[in-house]
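Notes follow once the structure below has been shown.
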Amino acid sequence: MQLFKTTALAALIGLAAAAGAEAADEAQLKAGKGVYMTKTCLACHGRGGAQPVLSYPMLAGQSADYIIDQMEAIRDGERIGTVDETTGHPFVQGMVDIMHLVTEDDIENVAVWLSEQPAAAPKPLDPAPDPDLLAAGEKAFKQLGCRSCHGDDGSKPTNKKYPFISGMNPEYATRAMTEIRDKVRTSGQSKLMWGTIKKADDEEIHAIATWLATIDRSAQ
Ligand code: HEC
Ligand code: HEC
């Protein structure tokens with residue numbers, strides 16, 4: 001009887017602790033959504049981080065650790081990237097300009113919320129890509145060994161700090177790969193990619209980015 005009571009009590013305490021943890025998660029998700037909706041992210045990265053404007057990156061379902069790293073690198077001027085010829089500013093400038101609005105807590109909360117958002121189907125490419133180009137992209141991705149970190153089709157990274165890269169805007173993916181290869185983007189864990197991406201020429205990068213852009217994470 002005594003044993004039963006102790007076990008029941010332990011179970012109850014366990015339940016209460018689990019409920020507490022869940023409540024904390026709920027509160028964090030709510031706070032993260034609040035940041036996203038009120039601190040301008042929505043205007044550029046779209047509903048739920050899944051419908052970005054122009055050639056901006058998709059964030060829905062992205063690794064929370066990766067999001068935190070990137071936001072800090074952008075805020076601190078460590079990730080600058082290339083200049084947009086049409087504006088004369090780095091592509092990332094619009095985001096740099098709003099980073100004073102977010103606190104460390106905001107960054108963590110919004111990252112956790114974004115990592116939980118469902119993927120959307122990628123925008124169909126216009127004009128529709130040539131099947132030969134897609135095949136070349138898939139082949140290069142496999143031959144160069146991208147799978148060992150980003151997963152079979154770029155959707156399932158092998159480490160929780162690595163980004164998914166499928167379903168991204170192809171201009172964004174091309175830019176990201178070129179910037180990393182040419183060591184314009186050296187922040188965060190970029191150097192992990194140097195050995196692999198240096199073997200890809202511009203044509204292969206274009207083919208890989210186009211192929212990745214056709215992969216629908218929402219269907220997986
Ligand atoms: C004015 C437009 C704009 C706003 C507002 C904006 N971003 Fe961005 N964001 C960008 C652009 C553009 C890039 C990537 C630029 C590049 O390197 O090509 C980016 C990159 C990112 C990245 C890195 C993504 C990756 O795949 O590496 C994250 C994470 C991110 N933004 C989160 C946010 C969050 C959260 C907010 C709100 C607090 C926000 N952004 C507000 C335009 C914006
Ligand atoms: C050893 C692991 C590793 C390998 C191999 C690797 N990557 Fe990456 N990749 C990463 C990491 C880590 C990042 C994030 C870098 C950072 O912290 O900014 C990244 C970033 C990227 C990005 C930018 C993501 C974004 O949202 O900005 C693209 C695109 C990409 N990789 C494509 C590739 C392709 C294509 C290959 C094969 C040619 C490849 N990677 C091989 C680890 C790897």
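HIS100 sits with roughly 140 Å² accessible to a 1.4 Å probe, with DNA, RNA and ligands left out of the calculation. The 3J(HN,Hα) values that the Karplus relation (6.51, -1.76, 1.60; θ = phi - 60°) gives for region 58-72 are, in residue order, 6, 10, 4, x, 5, 4, 4, 4, 5, 4, 4, 4, 5, 5, 5 Hz. Gly and Pro appear as x. Rounded to the nearest 20, the Cβ-based charge dipole of region 130-220 about its Cα centre (Lys and Arg +1, Asp and Glu -1) stands at 680 debye.
So for region 130-220, Kirkwood radius off the Cα pairs, Stokes-Einstein at 37 °C and 0.692 mPa s: how many µm² s⁻¹?
253 µm²/s
Net length available on complete extension from LEU192 to LYS161 is 10.0 nm, with 0.36 nm assigned per residue and the Cα-Cα distance removed. Entry for region 33-115 at q = 0.13, 0.18, 0.27 Å⁻¹: log10 I(q)/I(0) = -0.37, -0.73, -1.59, Debye formula applied to identical alpha-carbon scatterers, no solvent contribution.
Across region 93-104, rounded Karplus estimates of 3J(HN,Hα) from the backbone phi angles (6.51 cos²θ - 1.76 cosθ + 1.60, θ = phi - 60°) give 4, x, 6, 4, 4, 9, 5, 5, 6, 9, 8, 4 Hz, Gly and Pro being marked x. Couplings 3J(HN,Hα) of region 206-220, computed from phi: 4, 5, 4, 4, 5, 4, 4, 5, 8, 7, 9, 5, 5, 8, 9 Hz, in residue order, whole Hz [Karplus 6.51 cos²θ - 1.76 cosθ + 1.60, θ = phi - 60°; x for Gly and Pro]. Figure legend: label point modelled 7 angstrom from the Cα of GLN51 along Cα→Cβ; residues of region 117-151 with amide N under 12 Å from it are 120-121, 123. Computed with a 1.4 Å probe over protein heavy atoms only, the accessible surface of region 30-164 comes to 55 Å² per residue.
For helix 2-38, report the angle its Cα long axis makes with the longest principal axis of the Cα atoms of the chain; keep it between 0 and 90° and round to the nearest 10°. Result, in degrees: 40. Kindly express, to the nearest 10 degrees and within the range 0 to 90, the angle between helix 131-144's C-alpha long axis and the longest C-alpha principal axis of the chain. Around 60 degrees separate the two axes. Radius of gyration (Cα atoms) of the chain, expressed as a multiple of 2.2 N^0.38 Å: 1.19. In this label model, ASP132 and SER218 are separated by 3.2 nm, measuring between points 7 Å along each Cα→Cβ vector. Taking the accessible area of the chain, probe 1.4 Å, and keeping the other protein chains in place, the carbon and sulfur fraction comes to 59%. Note on LYS139/ALA43: beta-carbon distance plugged into 1/(1 + (r/R0)^6) with R0 of 41 Å gives a FRET efficiency of 0.60.
The values are calculated or read from the model by the stated rules, or taken from the named source; none is laboratory data. Given the structure is predicted, the values throughout are model-derived calculations rather than measurements. Every residue, glycine among them, receives a Cβ derived from its backbone with ideal geometry; neighbour counts consider all protein chains shown. Note: areas computed on protein heavy atoms with side chains; ligands, DNA, RNA excluded. Shrake-Rupley method; radii C 1.70, N 1.55, O 1.52, S 1.80 Å.
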